[in-house]
Structures are given as structure tokens and as C-alpha cells.
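Asks: Below is the structure I would like to discuss, written out as C-alpha cells.
The values are calculated or read from the model by the stated rules, or taken from the named source; none is laboratory data. Note that the coordinates shown come from a computational prediction; the quantities given were computed from them, not determined experimentally. Cβ coordinates were reconstructed from backbone atoms using ideal geometry, including for glycine residues, and neighbour counts include every protein chain displayed.
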Amino acid sequence: MHVGQLMLPRVAVLSAILLVVLSGQTLAAGSATPEEAVHEYLAGVAAADAGRILDASAISEISEGYRIAESVDRLQAFMPHLMLAPAEYPFYVEANRAQRADEIMSQVLMLAYGLLSGETIDGSPIVPVDKAWAEAFVARVDPARLAGIEVMDARFPHPDLGTSERYLQAAAAQAATYGADELTERLLLFYFEGRTYALGFTLLRYGDTWLVSSQSSPIGGTSTLGTATPMSVEEYEDVTSIAE
């Protein structure tokens with residue numbers, strides 16, 4: 001379906017899978033395609049359901065499959081405060097699970113704050129503020145409002161770059177670091193409270209199952225914080241179409 005056929009200002013047509021995920025029915029953990037995975041993940045955000053979001057994410061898979069030797073070799077660096085721990089030890093696997101869940105939910109929080117607060121969420125401190133500001137902020141970021149999220153489409157960003165040998169080699173190497181079979185990215189277009197936004201994702205395939213590894217897309221140029229970018233349907237078409 002062409003994005004221009006979907007809707008403005010409201011989504012008029014949804015695929016069968018989208019009707020499922022936005023109706024509150026839960027799919028099995030992991031999805032058959034990257035598109036289903038990002039739909040399910042954002043349905044968890046819309047439902048303010050942390051468990052559903054984490055079920056759509058590669059938490060245990062990365063925690064257990066992480067290969068620190070390959071990661072260090074690929075980066076030619078060891079960053080103990082940032083990198084996951086050696087999965088050879090059960091204790092470290094549990095630490096990895098906690099770190100992975102924190103990484104995902106931190107990105108979800110930044111997405112929610114960016115959509116709901118009216119503030120610019122870019123990693124910088126918001127100053128000066130006071131108790132009255134904080135109380136107003138709490139009222140503004142009620143996650144119940146996220147139920148208004150409506151997914152429009154999901155595609156690979158900059159497909160010309162994504163088929164380059166350099167990108168494919170880098171993606172394969174990164175997937176191997178996490179014990180996965182394949183890595184890909186998606187740019188998701190969604191509608192919320194009168195505006196359309198783009199949100200990036202990186203995903204991993206384990207066997208036949210796709211899971212979200214990060215709520216950001218390097219090739220799509222989206223924020224590593226996980227915030228959404230205002231984007232029109234036309235801009236989305238440009239970013240996700242093959243250059244002529």
C-alpha cells in the first residue's frame with residue numbers, strides 16, 4: 001500500500017496485522033518480519049505496556065548471545081562502562097538482561113517525553129525549572145495519551161545505501177556480535193495528535209524471529225535517544241524511496 005493512500009489527518013486503512021496489534025491482542029514474543037516487529041513494539045508503547053515492549057525486543061537473545069571477543073575485535077576498543085558483559089558466565093548474562101531492558105525502556109521514556117511534554121528532548125538539561133514546572137510536567141506526560149498513536153507504514157530507510165556491500169558487511173558483523181543471524185533497520189511513520197512522525201529501529205533476526213534491538217536507526221539518521229522526528233508523508237517517501 002502506498003503511504004499517500006493511508007490518511008491525513010486520520011489513519012483510514014490498516015493492515016490485518018496492524019489491526020491486531022493496536023486492538024490490544026498480544027502476539028507471541030518475536031515476529032515473522034521486521035515490519036511486524038516494529039508494529040508490535042509500538043503497539044506496546046501505545047498500550048503503555050512495558051512487558052509487551054520488552055517481549056518485542058531482543059533482551060535475552062542479546063544477553064545470552066553476546067560475543068565480547070568479536071565486539072572488541074570489530075571496534076578495536078574495550079569500553080567497560082558501555083559494552084555488555086561476557087555471556088560465558090550466567091551472572092553476567094543476568095547483568096546484561098538488566099542493562100538491555102534499561103536501554104530499551106530509556107528510549108521509550110524519551111519517546112514518550114518528546115511526544116507528550118512539549119519540551120525539546122535532546123539530551124540536554126532543561127533549565128531553569130522548579131517544583132511547579134515538575135508538577136505540570138508530570139500532568140503532561142500521562143502515558144494514557146499514547147493510546148492515540150497510529151502506525152502508518154514501516155520501510156527500510158535510504159534503500160540505496162542499505163544495499164551497498166559496505167553496509168551489508170557491517171550489518172552482518174554487528175549481527176554476529178549479538179549472536180544473531182541478520183541485522184536490519186526500519187523507519188516507521190506514525191500519526192499522533194495531529195502530526196506525523198518518524199521513528200527509527202534496528203532489528204535482529206534469530207532463526208525465523210525478528211526482534212527490536214534498538215529504538216534508533218543509524219542509516220535513517222534518527223536520534224540514539226529514541227525520540228521521534230516530525231516528518232511529513234512526502235519527506236518519508238523521499239527517505240525510503242530508491243533515488244532515480
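Asks: Can you tell me which of Arg186, Arg140 is at pLDDT 95 or above, touching a helix residue (DSSP H, G or I) at 6+ places or on another chain (Cβ under 7 Å), closer than 23 Å to Asp55 by Cβ and among the basic types (Lys, Arg)?
Replies: Arg186
Asks: Taking the criterion of being among the hydroxyl-bearing types (Ser, Thr, Tyr), surrounded by fewer than 21 Cβ atoms within 10 Å (Cβ to Cβ) and touching a Phe, Trp or Tyr at 6+ places or on another chain (Cβ under 8 Å), would at least one residue in segment 200-213 satisfy it?
Replies: Checked segment 200-213: no residue is among the hydroxyl-bearing types (Ser, Thr, Tyr), surrounded by fewer than 21 Cβ atoms within 10 Å (Cβ to Cβ) and touching a Phe, Trp or Tyr at 6+ places or on another chain (Cβ under 8 Å).
Asks: Return the only residue of Ala180, Ala144 being surrounded by 22 or more Cβ atoms within 10 Å (Cβ to Cβ), more than 16 Å from the chain's Cα centre (by Cα) and not hydroxyl-bearing (Ser, Thr, Tyr).
Replies: Ala180
Asks: Could you tell me whether any residue of segment 104-119 is within 19 Å of Glu193 (Cβ to Cβ), among the β-branched types (Val, Ile, Thr) and touching a residue at least 12 places away in the same chain (Cβ under 8 Å)?
Replies: Yes, because at least one residue in segment 104-119 is within 19 Å of Glu193 (Cβ to Cβ), among the β-branched types (Val, Ile, Thr) and touching a residue at least 12 places away in the same chain (Cβ under 8 Å).
Asks: Would you mention how many residues in segment 128-149 are free of Cβ contacts under 8 Å to residues at least 24 places away in the same chain and basic (Lys, Arg)?
Replies: Adding up the residues that qualify gives 1.
Asks: Same structure again: Among Gly162, Gly179, which is in contact with a strand residue (DSSP E or B) (Cβ under 8 Å, 6 or more places away or on another chain), closer than 23 Å to Ala58 by Cβ and at pLDDT below 95?
Replies: From the options Gly162, Gly179, the qualifying one is Gly162.
Asks: Working only within segment 128-163, note down all residues that are assigned to a helix (DSSP H, G or I) and of a type in the set (Lys, Arg).
Replies: Residues satisfying the conditions are Lys131, Arg140, Arg145.
Asks: Return the total of residues in segment 35-77 being assigned to a helix (DSSP H, G or I), acidic (Asp, Glu) and surrounded by 15 or more Cβ atoms within 10 Å (Cβ to Cβ).
Replies: So the count comes out to 6.
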